[in-house]
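S.K.: The structure is given below, and queries will be raised subsequently.
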Amino acid sequence: MSGEILTVSGLNTSYGEAKVLFDISMSVGKGQIVSCVGRNGAGKTTLLKSIAGFLKPKSGSVTSDNTNLVGLAPYDIAKFGIKYIPQDKKVFFDLTVRENLELGSYATKDYNWDQVLAYFPKLELLMERKAGYLSGGERQMLMIGRAILGSPKVLLLDEPTEGLAPGIVTQLKNTFKALSKNTALVIVEQNLPLVCAISDKVYAIKDGTIVAEIVDKESIRVDVCERYL
Amino acid sequence: MIRGHEAMISSQLLISGVIFGLSIGSIYFLLAIGLSLCFGLMRIISLDQLLYYSLGAYLTYTVTLMTGSMWIGVLAGMAFSGVASLAVERFIFRRIYARDPTFSMITSFGILIGGVGIIKYFWGVVPRPVEVPTLIQVGIFGTEIPVYRLIVVAIACVVYIAIWFFLHRTIVGKAIRAAIEDVEHVEGLGINVSRLFTITFVIAGALSGLAGGLHAPLIMVDPSMGLETLAFVFMVVIIGGLGSIKGTLISALVVGQVVSLGSIIYAPMAQMAPFVIMLLVLLIKPTGLYGSAVISR
Amino acid sequence: MFAKGTSNMQAINALKWWGGMLLAFGLLGASRLVLPLPFLNEVVIYSVYAIGCNFLIGRVGYISFGQPAYLAIGAYATAFYLFYFGTNPYVGILVGVLGGLVMSLVVGPLFVRLRSDYFAMVNLALAVIVFYLMQKVLVGITQGDNGLWFLTRISSTPVLDLTRPNHFFIFALIVALLVWVFYKYLDDSIYGACCLATKVNENKLQFLGYNNFSIRLFAFVIANTTTALAGAMYAIYLGFVSPEMASPSRSADPVIVTLLGGVGTLFGPLVGAIAYTGMKDVLSKMIGNWELFIGFLLVFIMLVADKGIWGSLEPVLDKWLFRKKTATAINDPGTRSND
């Protein structure tokens, strides 16, 4: 482990009057794949959104590279290098694949698509297609491809394999492993076998708090994770 | 009603009616585009566009008096409206983006009414005439048509093409289209959506100012012009569907023709006809011809 | 939490409400001694006008910029009756109310299906249409901008002679009180809860088996019929109607009164009406430019104090007056109960 790229400390977030996250603390190291598991409604998406700036935490801190990210606008946080990929697999339907990527380049000033196309060669074939006509797997590839422009520090992935065909899931699994060499990944997932296959660390979240932090690779197994759900 | 030997005149009336309708439709289009864009992107109903319309007209009047050229007046009107909308966006709308659209409706209505007050203060209540810049008439199919009206239609066409080009061929325009689909996703990429909002709002304001400036020679410029046009712009926007440029264009054309040709047939009904059309459209499609069904946010 | 203090809660609430009502109307009646009658009459009619709007915004979640349409329909219906047919003012008012009822039943089914922003716009369009109708299209029977004068045609009636301002005032007070009671009853009933629910979460309500459309339609009809009632009252009071009542520049009036008073609150419309009429009186003498003021007021309210006068005062008063009596959790939606 070569150093922390993202540290969350004492995070408390509420939706209006309803408190959803209670005192969450977690750390992500460079080149790590950290997974968050938990039941629906446990607060996993809220956590990612709070880190990415879409929700403003009531208290706590989110730091990366000695910069406190709490209170910054989401686009500033993304520019800083923490990119959030939401659950909805929504790309910009009316724009072509090329234009979707162009937007990513425009935001990050990174016009070199070699890396993206290396990870997702299929996108090259789909360049001129309107993103609305892509399959679920292709959309996910586009979303991730778009996000890795600008070499982000951390990717926050919200249930990336949900609803995708097993073949695509395997592809993504390998892609994640390759990605993590340059970009730390924080993955929220329900797919436990996938989590256990690639994660360096697993946090189990229940009712808005972290009930377990599994750092020992030996212990990252499906039965262990299930115990905490 | 048209009968017998008047049939010969009627074709002339018809042609001038159509052209008239096109020019009116052009004005509505310029106004409705602003409203539609603001709604599509920022989910606000910007009734204050009608204020920038009025300001555009009044500035055109004043600057025309000063310089003798109506076109300089129109440019001045556009510029002033752009600045005014920038100020309003910065100080007022920025605070209410997160609230629901009806909130913005009330607020922008307040701005509109307050603006009417400001106009009254500076220009008084007496209607102001603005001279048509050119009195040349052109013969089309045997009817004399004022060139000015054709110029208005031409300008609207140019604007439509320009907007299309902006939205489809420039990166900022594409970002705006993407944000119309989903603002959060655009933000998540690292694009400053706040700036996108401002750009869109100012474009809308400038277009509304242009509409006012162009309309000024055709009507009397008076403080309540914004409120009177308001209902028609509403109808155009609702029929076309909020948020759709294509819908706005079609709807503006239709309403323009209806008002114009309607006033040839029976004047009072001309004002009512768009309303009836609107009701009919809403019966079939409650979101307008091209409107999107969901406002989720 | 609910089981223990519920009957106490209800008793206190009823006390609060009736006490407040009697106090308010008593004050209003008593102020006859100090305040000018025209002002008071205007206030009462305005508050009836506003209560419908308040209900639409506060309980159903709909803004309408077209209330002047229904106001004018009510007024003109009454005017037509009194100008062309009869002389009894009570019948005239009834006709006005009926006019409003019919109008809302005709446009309601279409309007209510619309999204909130379309709804507001479409109502404004309606107001403009009504304006044009009265001003130009039906100029034969409405006499256009000249308006219809029928003050002299109104007959004196036994008990309360509506042609006399101070009798009218008493009548107006009674009507207003009845309207208030009606709305309070509505609010407290299941229907009132449905309205609130439809405003908050439509889908959930549908899943529970309620028909959103009928709830909204019913609310629409009630609110606009009330507005027509106000219009009818105006017609009787002034003995005169003109298209100006429906002009788009007046669309902001009920919205401002409602906001000023406090959306969805009990006394909001009354407080708002007093504040608005008062301001109009005082300020139109001082500054000629009424629009400027209204515009700024509206923006100010939206940006800063969107709870309105009464809306901001009510919780404060609540705490102050009832702090000693209720130690347990309060029924006020603004507070949180710690369970």
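S.K.: Inspect all residues belonging to the range A:152-159 and state whether any of them is acidic (Asp, Glu) and open to solvent by less than 10 Å² (accessible area, probe 1.4 Å). Quick ask: steps written out before the conclusion?
M.R.: As a first pass, look at the range A:152-159 and keep what is acidic (Asp, Glu): A:158-159.
Adding the requirement that they be open to solvent by less than 10 Å² (accessible area, probe 1.4 Å) leaves A:158.
So far as the range A:152-159 goes, yes, one or more of its residues are acidic (Asp, Glu) and open to solvent by less than 10 Å² (accessible area, probe 1.4 Å).
S.K.: Being in a helix (DSSP H, G or I), buried (at least 22 other Cβ atoms within 10 Å of the Cβ) and facing chain C (nearest Cβ under 7 Å): is that true of residue B:283 here? Explain how you work it out, then say what you get.
M.R.: Numbers: in a helix (DSSP H, G or I): yes; buried (at least 22 other Cβ atoms within 10 Å of the Cβ): no; facing chain C (nearest Cβ under 7 Å): yes.
No: the conditions fail for residue B:283.
A quick yes/no check of all residues on (1) more than 14 Å from the chain's Cα centre (by Cα); (2) among the polar types (S, T, N, Q):
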site	(1), (2)
B:207	no, no
B:211	no, no
B:221	yes, no
B:224	yes, yes
B:252	no, no
B:272	yes, no
B:279	yes, no
B:289	yes, no
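Rundown of residues vs (1) surrounded by 23 or more Cβ atoms within 10 Å (Cβ to Cβ); (2) modelled with pLDDT under 75; (3) among the aliphatic types (A, V, I, L, M), yes/no style:
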| site | (1), (2), (3) |
| --- | --- |
| C:263 | yes, no, yes |
| C:281 | no, no, no |
| C:298 | yes, no, yes |
| C:305 | no, yes, yes |
| C:319 | no, yes, no |
| C:332 | no, yes, no |
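S.K.: Find the residue count for the range B:60-113, including only residues that are among the acidic types (Asp, Glu), assigned to a helix (DSSP H, G or I) and modelled with pLDDT under 85. First the steps, then the outcome.
M.R.: So the first thing to find is which residues in the range B:60-113 are among the acidic types (Asp, Glu), and the list is B:89, B:100.
If we keep only those that are assigned to a helix (DSSP H, G or I) too, we end up with B:89.
With the extra rule that they be modelled with pLDDT under 85, the set shrinks to none.
Residues that pass the stated criteria total 0.
S.K.: If you check every pair at least six apart or on different chains, which have Cβ atoms under 6 Å apart with a residue in the range C:124-148 that is within 14 Å of residue C:247 (Cβ to Cβ) first and a residue that is β-branched (Val, Ile, Thr) and part of a helix (DSSP H, G or I) second?
M.R.: The qualifying pairs are C:134/C:142.
S.K.: Considering only the range C:202-214, I want to know if a residue exists there that is part of a helix (DSSP H, G or I), more than 14 Å from every other protein chain (Cβ to nearest Cβ), among the small types (Gly, Ala, Ser) and surrounded by fewer than 19 Cβ atoms within 10 Å (Cβ to Cβ). Spell out the reasoning first.
M.R.: Residues of the range C:202-214 part of a helix (DSSP H, G or I): C:202-207, C:212-214.
Adding the requirement that they be more than 14 Å from every other protein chain (Cβ to nearest Cβ) leaves C:204-207, C:214.
Narrowing the set further to residues that are among the small types (Gly, Ala, Ser) leaves C:214.
Cutting the leftovers down to surrounded by fewer than 19 Cβ atoms within 10 Å (Cβ to Cβ) gives us C:214.
There is at least one residue in the range C:202-214 that is part of a helix (DSSP H, G or I), more than 14 Å from every other protein chain (Cβ to nearest Cβ), among the small types (Gly, Ala, Ser) and surrounded by fewer than 19 Cβ atoms within 10 Å (Cβ to Cβ).
S.K.: Out of all the residues in the range C:163-179, is one or more surrounded by 17 or more Cβ atoms within 10 Å (Cβ to Cβ) and over 25 Å from the mean Cα position of the chain (by Cα)?
M.R.: No, every residue in the range C:163-179 fails to be surrounded by 17 or more Cβ atoms within 10 Å (Cβ to Cβ) and over 25 Å from the mean Cα position of the chain (by Cα).
S.K.: Test residue A:198 against the criterion of being over 22 Å from residue A:97 (Cα atoms) and either free of Cβ contacts under 8 Å to residues at least 60 places away in the same chain or open to solvent by less than 20 Å² (accessible area, probe 1.4 Å) (or both), and give yes or no. Step through it out loud before you land on a result.
M.R.: Details: over 22 Å from residue A:97 (Cα atoms): yes; either free of Cβ contacts under 8 Å to residues at least 60 places away in the same chain or open to solvent by less than 20 Å² (accessible area, probe 1.4 Å) (or both): yes.
Taking the combined requirement at face value, the residue satisfies it.
S.K.: Of everything in the range B:131-175, what is touching a Phe, Trp or Tyr at 6+ places or on another chain (Cβ under 7 Å), free of Cβ contacts under 8 Å to residues at least 60 places away in the same chain and closer than 21 Å to residue B:221 by Cβ? Give them in sequence order.
M.R.: Answer for the range B:131-175, where residues must be touching a Phe, Trp or Tyr at 6+ places or on another chain (Cβ under 7 Å), free of Cβ contacts under 8 Å to residues at least 60 places away in the same chain and closer than 21 Å to residue B:221 by Cβ: just B:134.
S.K.: Which is more than 26 Å from residue B:160 (Cα to Cα), of a type in the set (A, V, I, L, M, F, W, C) and open to solvent by 10 Å² or more (accessible area, probe 1.4 Å), of B:245, B:277, B:250, B:265? Break it down into steps so the answer makes sense when it comes.
M.R.: Values: B:245 fails: more than 26 Å from residue B:160 (Cα to Cα); B:277 fails: more than 26 Å from residue B:160 (Cα to Cα); B:250 fails: more than 26 Å from residue B:160 (Cα to Cα).
Checking each option against the conditions leaves just B:265.
S.K.: Has the range B:25-45 got at least one residue that is closer than 19 Å to residue B:163 by Cα and of a type in the set (S, T, N, Q)? Let's see the steps before the verdict.
M.R.: We begin by selecting, within the range B:25-45, every residue closer than 19 Å to residue B:163 by Cα; these are B:25-42.
Now drop any that are not of a type in the set (S, T, N, Q), which leaves B:26, B:36.
Yes, the range B:25-45 contains a residue that is closer than 19 Å to residue B:163 by Cα and of a type in the set (S, T, N, Q).
S.K.: Against the condition surrounded by 24 or more Cβ atoms within 10 Å (Cβ to Cβ), of a type outside the set (Phe, Trp, Tyr) and in a loop (DSSP other than H, G, I, E, B), how does residue B:230 come out, does it pass?
M.R.: Numbers: surrounded by 24 or more Cβ atoms within 10 Å (Cβ to Cβ): yes; of a type outside the set (Phe, Trp, Tyr): yes; in a loop (DSSP other than H, G, I, E, B): no.
Considered against the rule, which asks whether it is surrounded by 24 or more Cβ atoms within 10 Å (Cβ to Cβ), of a type outside the set (Phe, Trp, Tyr) and in a loop (DSSP other than H, G, I, E, B), residue B:230 comes out as no.
S.K.: Take the conditions without any contact (Cβ under 8 Å) to a residue 60 or more places away in the chain, open to solvent by less than 40 Å² (accessible area, probe 1.4 Å) and within 14 Å of chain B (Cβ to nearest Cβ) and apply them to residue A:147. Does it pass? Let's see the steps before the verdict.
M.R.: Details: without any contact (Cβ under 8 Å) to a residue 60 or more places away in the chain: no; open to solvent by less than 40 Å² (accessible area, probe 1.4 Å): yes; within 14 Å of chain B (Cβ to nearest Cβ): yes.
No, not satisfied.
S.K.: Scan the range A:84-110 residue by residue and report those that are open to solvent by 30 Å² or more (accessible area, probe 1.4 Å), more than 7 Å from chain B (Cβ to nearest Cβ), closer than 20 Å to residue A:179 by Cβ and of a type outside the set (Asp, Glu).
M.R.: Of everything in the range A:84-110, just one residue is open to solvent by 30 Å² or more (accessible area, probe 1.4 Å), more than 7 Å from chain B (Cβ to nearest Cβ), closer than 20 Å to residue A:179 by Cβ and of a type outside the set (Asp, Glu), namely A:87.
S.K.: Restricting to the range A:39-83, and then to whatever is buried (at least 23 other Cβ atoms within 10 Å of the Cβ) and on the phi > 0 side of the Ramachandran plot, can you tell me which residue is modelled with the highest pLDDT?
M.R.: Filtering first and then ranking leaves A:53.
S.K.: Okay, moving on. Report whether or not residue A:35 is at pLDDT 90 or above, over 20 Å from residue A:158 (Cβ atoms) and hydroxyl-bearing (Ser, Thr, Tyr). Full working, then the answer.
M.R.: Values: at pLDDT 90 or above: yes; over 20 Å from residue A:158 (Cβ atoms): no; hydroxyl-bearing (Ser, Thr, Tyr): yes.
No.
S.K.: A follow-up question, please. Say whether the condition of being part of a helix (DSSP H, G or I), closer than 23 Å to residue B:134 by Cβ, of a type in the set (A, V, I, L, M, F, W, C) and open to solvent by less than 40 Å² (accessible area, probe 1.4 Å) is met by at least one residue in the range B:38-59.
M.R.: First, the residues of the range B:38-59 that are part of a helix (DSSP H, G or I): B:38-42, B:49-59.
Pick out the ones that are also closer than 23 Å to residue B:134 by Cβ and you get B:53, B:56-59.
If we keep only those that are of a type in the set (A, V, I, L, M, F, W, C) too, we end up with B:57, B:59.
Among the residues that remain, those that are also open to solvent by less than 40 Å² (accessible area, probe 1.4 Å) are: B:57, B:59.
Yes, the range B:38-59 has at least one match.
S.K.: Which ones in the range A:27-38 are in a strand (DSSP E or B) and surrounded by fewer than 20 Cβ atoms within 10 Å (Cβ to Cβ)?
M.R.: Going residue by residue through the range A:27-38, those that are in a strand (DSSP E or B) are A:27-29, A:33-37.
A:27, A:29 - these are the residues of the range A:27-38 that are in a strand (DSSP E or B) and surrounded by fewer than 20 Cβ atoms within 10 Å (Cβ to Cβ).
S.K.: Residues that are modelled with pLDDT of 80 or more and among the hydrophobic types (A, V, I, L, M, F, W, C): list the helices (runs of 4 or more DSSP H) wholly contained in the range C:49-144 that include at least 1 such residues. Show your work before the answer.
M.R.: Working: elements: C:67-80, C:89-111, C:116-132, C:139-142.
Because the criterion is at least 1 residues that are modelled with pLDDT of 80 or more and among the hydrophobic types (A, V, I, L, M, F, W, C), the helices (runs of 4 or more DSSP H) in the range C:49-144 that meet it are C:67-80, C:89-111, C:116-132.
S.K.: Oh, and also: Within the range A:63-98, how many residues turn out to be within 16 Å of residue A:186 (Cα to Cα) and assigned to a strand (DSSP E or B)?
M.R.: 6
S.K.: Is there a residue in the range C:233-249 that is away from chain B (no Cβ under 14 Å), of a type in the set (Gly, Ala, Ser), more than 12 Å from the chain's Cα centre (by Cα) and closer than 16 Å to residue C:48 by Cβ? Steps first, please.
M.R.: Here is the first cut: in the range C:233-249, the ones away from chain B (no Cβ under 14 Å) are C:233-242, C:245.
Then drop every residue that is not of a type in the set (Gly, Ala, Ser), which leaves C:235, C:239, C:242.
Those still in the list that are more than 12 Å from the chain's Cα centre (by Cα) too: C:235, C:239, C:242.
Then drop every residue that is not closer than 16 Å to residue C:48 by Cβ, which leaves C:235.
Checking the range C:233-249: at least one residue is away from chain B (no Cβ under 14 Å), of a type in the set (Gly, Ala, Ser), more than 12 Å from the chain's Cα centre (by Cα) and closer than 16 Å to residue C:48 by Cβ.
S.K.: Is the range C:118-132 home to any residue that is of a type in the set (Phe, Trp, Tyr) and open to solvent by 20 Å² or more (accessible area, probe 1.4 Å)?
M.R.: Initial filter on the range C:118-132 (of a type in the set (Phe, Trp, Tyr)): C:118-119, C:131-132.
From what is left, the residues that are open to solvent by 20 Å² or more (accessible area, probe 1.4 Å) are C:131-132.
Taking every residue of the range C:118-132 in turn, at least one turns out to be of a type in the set (Phe, Trp, Tyr) and open to solvent by 20 Å² or more (accessible area, probe 1.4 Å).
S.K.: Within the range A:177-229, how many residues are within 24 Å of residue A:9 (Cβ to Cβ) and under 17 Å from the mean Cα position of the chain (by Cα)?
M.R.: Residues that pass the stated criteria total 16.
S.K.: Regarding the range A:44-62, can at least one residue be identified that is assigned to a helix (DSSP H, G or I), polar (S, T, N, Q) and within 13 Å of chain B (Cβ to nearest Cβ)? So that I can check it myself, show each step before the final result.
M.R.: To start, the set of residues in the range A:44-62 that are assigned to a helix (DSSP H, G or I) comprises A:44-52.
Now drop any that are not polar (S, T, N, Q), which leaves A:45-46, A:50.
Cutting the leftovers down to within 13 Å of chain B (Cβ to nearest Cβ) gives us A:45.
Yes, the conditions are met somewhere in the range A:44-62.
S.K.: Select, from B:119, B:44, the only residue that is within 11 Å of chain C (Cβ to nearest Cβ), in contact (Cβ under 8 Å) with a residue 24 or more places away in the chain and in contact with a Leu (Cβ under 9 Å, 6 or more places away or on another chain).
M.R.: Numbers: B:44 fails: in contact with a Leu (Cβ under 9 Å, 6 or more places away or on another chain).
Going through B:119, B:44 in turn, the sole match is B:119.
S.K.: Continuing with this model, one more query. Would you check if there is a residue in the range B:98-105 being more than 10 Å from chain C (Cβ to nearest Cβ) and either small (Gly, Ala, Ser) or open to solvent by 10 Å² or more (accessible area, probe 1.4 Å) (or both)? Give the derivation first.
M.R.: Initially, the range B:98-105 is screened for residues more than 10 Å from chain C (Cβ to nearest Cβ), giving B:98.
If we keep only those that are either small (Gly, Ala, Ser) or open to solvent by 10 Å² or more (accessible area, probe 1.4 Å) (or both) too, we end up with B:98.
Within the range B:98-105 (the criterion being more than 10 Å from chain C (Cβ to nearest Cβ) and either small (Gly, Ala, Ser) or open to solvent by 10 Å² or more (accessible area, probe 1.4 Å) (or both)), the answer is yes, since at least one residue qualifies.
S.K.: Cβ-Cβ below 9 Å, separation at least six or inter-chain, first residue in the range C:173-197 and hydrophobic (A, V, I, L, M, F, W, C), second surrounded by fewer than 16 Cβ atoms within 10 Å (Cβ to Cβ) and at pLDDT below 80: which pairs?
M.R.: Every condition considered, the pairs that remain are C:173/C:29; C:197/C:204; C:197/C:208.
The values are calculated or read from the model by the stated rules, or taken from the named source; none is laboratory data. Because the structure is predicted, anything quoted here is derived from the model rather than measured. Methodologically, a virtual Cβ is constructed for each residue, glycine included, from the backbone with ideal geometry; neighbour enumeration extends over all protein chains shown. With ligands, DNA and RNA removed, areas are computed over all heavy atoms of the protein, side chains included. Shrake-Rupley method; radii C 1.70, N 1.55, O 1.52, S 1.80 Å.
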